[in-house]
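Novice: One structure coming up, written as structure tokens, with questions to follow.
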Amino acid sequence: PGDLTLGGNCLIMPGARIIVRPSRRNPKARSLLALGKYVVVGSDTVIEPTRFRYHGADIYLPGTIGDYAIIGMGARVRPYYIGNFVSIGRDCVIEDRVVIQDGAYIANEVVVPAGTVVP
């Protein structure tokens, strides 16, 4: 597995950016960022792995976006775990280490603080 894994039939709109910094890790470890099947990423959206500082160094945690997730236009997302059938509105900000469980709906222009669990 590489640093980015895309499931089948993902739709990434023009202008969307998925930022995955190369990592030095065990080659048998899972991907740094994995998108499930039928994920839709809106234009001008930025997705990058969640991170935290540990002893002065940035540590990137493997992130997962589940199947049939929709991420709206202009969103800024640092997923740790986003479940299946999740809808994230336009211009949302999803901070580091956020867990969004299956079937959740995040309205437009919502900021989800770091470390939050959304049922």
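Novice: Which ³J(HN,Hα) values in Hz, rounded to whole numbers, follow from the phi angles of region 71-80 under the Karplus curve 6.51 cos²θ - 1.76 cosθ + 1.60, where θ = phi - 60° and Gly and Pro get x?
Specialist: Listing the rounded values in order: 10, x, 4, x, 6, 10, 10, 10, x, 9 Hz.
Novice: Quote the charge dipole size of region 4-112 about the Cα centre in Debye, to the nearest 20; the model charges only the Cβ of Lys and Arg (+1) and of Asp and Glu (-1). Walk me through the numbers before you get to the answer.
Specialist: On the way: 13 positive and 9 negative charges, 116 e Å.
The dipole of region 4-112 has a size of about 560 debye.
Novice: Could you give the C-alpha radius of gyration of the chain expressed as a fraction of 2.2 N^0.38 Å, taking N as the number of residues it contains?
Specialist: With N residues counted in the chain, Rg over 2.2 N^0.38 Å equals 0.99.
Novice: A further question follows. Convert each backbone phi in region 46-58 into a coupling constant with the Karplus relation 6.51 cos²θ - 1.76 cosθ + 1.60 (shift: θ = phi - 60°), then list the ³J(HN,Hα) values in order as whole Hz, x for Gly and Pro.
Specialist: Values, residue by residue: 10, 10, 8, x, 5, 9, 8, 8, 9, 6, x, 10, 7 Hz.
Novice: Consider a paramagnetic label point 7 Å from the Cα of ILE18 along Cα→Cβ; state which residues of region 29-56 have an amide N under 17 Å from it.
Specialist: 30-50
Novice: Given the whole protein assembly as supplied and a 1.4 Å probe, what does the accessible area of ARG97 come to in Å², nearest 10?
Specialist: 110 Å²
Novice: In nm, give the distance between the simple-model label positions of LYS37 and PHE85, each being 7 Å from the Cα along the Cα-to-Cβ direction.
Specialist: About 1.5 nm separates the two model spin labels.
The values are calculated or read from the model by the stated rules, or taken from the named source; none is laboratory data. A quick note: this is a predicted structure, and the numbers were derived from the prediction, not measured. Please note: Cβ atoms are built from the backbone with ideal geometry, for glycine as well, and neighbour counts cover all protein chains shown. These accessible areas exclude ligands, DNA and RNA; they are computed on the full protein's heavy atoms, side chains included. Shrake-Rupley method; radii C 1.70, N 1.55, O 1.52, S 1.80 Å.
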